[in-house]
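Working notes for the structure below.
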Amino acid sequence: MRKDLKAFVVTGASSGIGRAIADRLVAQGHYVFASVRKPADAQVLNAAFGANGQAVLFDVSDMAAIEAAAKQVGEVLGTKTLSGLVNNAGIALPGPALLQPMAEIEQVMNINFMGVVRCCRAFAPLLGADPARTGPKGRILNITSVSGKFGYPFTAAYVAAKHAVEGFSDSLRRELLLVGIDVIVVGPGAVKTPIWEKGAEAGGRRYAETIWGKPLERLTKSLAAMDEEGLEAEIVADVVEKALTIPHPKTRYAPVPNKLVNWWLARLLPARIIDRIIGKNLSLLP
């Protein structure tokens, strides 16, 4: 790695938004440490990045593996600071909150929220919390979602995790004023990735015979359609790259398609009206 390059860690970089972010940073002349869980994905990324980046193997649910990866990154950096940590890794497992297995809810919280906490702790010293490191202080950028501000039915675990990351980010940003590390949130709307399709497949039709079967089926189809019509992952990657590199970034960015309907109306209309609209669309009203 050349000493003049900015270096970034991107978690969950095997596909989707994470891969797009890693590709964007490399294209802009930066060095990327891209986290993946599978050696085969690491080989693909190493071949794609060449001298401009490398894959690091860890699961965000494994603190020991994250700490080992941070040590590996630190050895490559030498005494330099890491320019940024992008916490992107996450999963989506839909289901009725009263029926979804507790193990699934815990899994979503463990990966989508606690994974962020673990990575922030492990990589903060490289970002400049360690005063022995030289160079500009790095930034933490947490990928949340519209779901970090708005709760769709049957996505309670995912919504709870994203709300948790939003709150954690605000608190952490203020704590890190002491060491000069900024914390930024990017909360996209629908993006053309298969995250909800994968989650629906994992859950199968286990709830089909319950009172929530039909509404959940409607929601799954709606989310799949939204993903197909959503933003290209590269648009989110562009927002992320700018937030990591411009002199004075905002604390939160919301790249959302059809922003008037999908962002502003949902935030400005009274919650009871939103309840009725969703209830009608998903056949949840008695």
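The values are calculated or read from the model by the stated rules, or taken from the named source; none is laboratory data. Since the model is a prediction, treat every value here as computed from it, not as a measurement. A quick note on method: Cβ atoms are made from the backbone with ideal geometry, for glycine too, and the neighbour counts reach across all protein chains shown. We work out accessible area using only protein heavy atoms, side chains counted, and drop any ligands, DNA or RNA first. Shrake-Rupley method; radii C 1.70, N 1.55, O 1.52, S 1.80 Å.
Quick one: in region 47-58, which of the residues that are touching a Phe, Trp or Tyr at 6+ places or on another chain (Cβ under 7 Å) and not in a helix (DSSP H, G or I) is most open to solvent (accessible area, probe 1.4 Å)? Write out each step before concluding.
At the first step, the residues of region 47-58 found to be touching a Phe, Trp or Tyr at 6+ places or on another chain (Cβ under 7 Å) are 52-54, 56.
Narrowing further to those that are not in a helix (DSSP H, G or I): 53-54, 56.
Values: G53: 5, Q54: 42, V56: 2 Å².
Going through the qualifying residues, I end up with Q54.
Specify which of the listed residues (S83, S61) is touching a residue at least 12 places away in the same chain (Cβ under 8 Å), in contact with a helix residue (DSSP H, G or I) (Cβ under 6 Å, 6 or more places away or on another chain) and polar (S, T, N, Q).
Of the residues listed, the single one that is touching a residue at least 12 places away in the same chain (Cβ under 8 Å), in contact with a helix residue (DSSP H, G or I) (Cβ under 6 Å, 6 or more places away or on another chain) and polar (S, T, N, Q) is S61.
Going by the structure shown, is N142 without any contact (Cβ under 8 Å) to a residue 60 or more places away in the chain, surrounded by 15 or more Cβ atoms within 10 Å (Cβ to Cβ) and within 29 Å of H248 (Cα to Cα)? Full working, then the answer.
Values: without any contact (Cβ under 8 Å) to a residue 60 or more places away in the chain: yes; surrounded by 15 or more Cβ atoms within 10 Å (Cβ to Cβ): yes; within 29 Å of H248 (Cα to Cα): yes.
Yes.
Just checking, which of G180, G138 is over 21 Å from E229 (Cα atoms), in contact with a Lys or Arg (Cβ under 6 Å, 6 or more places away or on another chain) and of a type outside the set (V, I, T)?
G180
Go through the residues of region 152-163 one by one and say whether even a single one is outside any loop (DSSP other than H, G, I, E, B), farther than 28 Å from A103 by Cβ and open to solvent by 10 Å² or more (accessible area, probe 1.4 Å). Lay out the reasoning, then the answer.
Going residue by residue through region 152-163, those that are outside any loop (DSSP other than H, G, I, E, B) are 156-163.
Filter again for farther than 28 Å from A103 by Cβ, leaving none.
Within region 152-163, not a single residue is outside any loop (DSSP other than H, G, I, E, B), farther than 28 Å from A103 by Cβ and open to solvent by 10 Å² or more (accessible area, probe 1.4 Å).
Does region 116-133 contain at least one residue that is touching a strand residue (DSSP E or B) at 6+ places or on another chain (Cβ under 8 Å) and open to solvent by 40 Å² or more (accessible area, probe 1.4 Å)?
Yes, some residue in region 116-133 is touching a strand residue (DSSP E or B) at 6+ places or on another chain (Cβ under 8 Å) and open to solvent by 40 Å² or more (accessible area, probe 1.4 Å).
Can you tell me which residue among A22, A34 is crowded, with 23+ Cβ neighbours inside 10 Å and not in a helix (DSSP H, G or I)? Can you show your working first?
On the way: A22 fails: not in a helix (DSSP H, G or I).
Answer to the check: A34.
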